[in-house]
Amino acid sequence: RQYWAFGDAESIITVDMHGLKIAAVQCWEARNPLTVAQIALLAPDVVFLPTQDFFYDDADTHYHRDMQYIGRNAHTFVVSSSLMMNWDQVKEQDAELEAKWREIMPDMPKLFPGGGAAVDPWGRIIDKTEPFESRFVTIDVDRDKIRESMALHSITDSYRLKGDYTLYVGGKKLTGVGPEEIY
């Protein structure tokens, strides 16, 4: 998925990469409950969530909380990165735009501070970069952690359980109309 789509849940899909089930959404789509519900129903192991937003603590943003919301409700790992560009690149493309941006943007060495973060299936931040830090965030995707996170949630509050209140024990259906297995 390479475009922003107002949280259009129908177009969210998963792909298999190296034995992992991967989904991707962008930016403020993370704030749409239908997006989160669709992600949960697809049950990916990892969700990639790039953004242009600032999402480090001093930027007065809620992006980490959006990532945590997805991690907790979809029982998945969430990995995000934020845009960082050189001012010179913008000036070369459009000097007038560069001048207007400099009027409203904080005095920063680059346009947008960049950064990355990773969240586990409990919604805990497990890695994050500082503003302007150039490194990758890392995660160890462990499906057992996904299963463990599901055990700590009520069956009435998890999108991933399809909302039918089927009772599962050890991932296997005990009673109800849901799928035979949830993991």
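At a glance:
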quantity: Computed lengthening from residue 135 to residue 83, 0.36 nm per intervening residue step minus Cα-Cα distance; calculated: 17.4 nm
quantity: Accessible carbon and sulfur surface of the stretch 29-151 relative to its total accessible area, %, 1.4 Å; calculated: 49
quantity: Under 15 Å, Cβ to Cβ, from residue 92 - net charge with Lys/Arg +1 and Asp/Glu -1; calculated: -1
quantity: Residue-span extension gain [residue 99 to residue 20] - 0.36 nm each, minus C-alpha spacing; calculated: 24.0 nm
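The values are calculated or read from the model by the stated rules, or taken from the named source; none is laboratory data. Being a predicted model, the structure only gives us computed values, none of them experimental. Ideal geometry is used to build each Cβ from the backbone, glycine not excepted, and the neighbour counts take in all protein chains shown. Areas reflect the complete protein model, heavy atoms only, side chains present, ligands, DNA and RNA absent. Shrake-Rupley method; radii C 1.70, N 1.55, O 1.52, S 1.80 Å.
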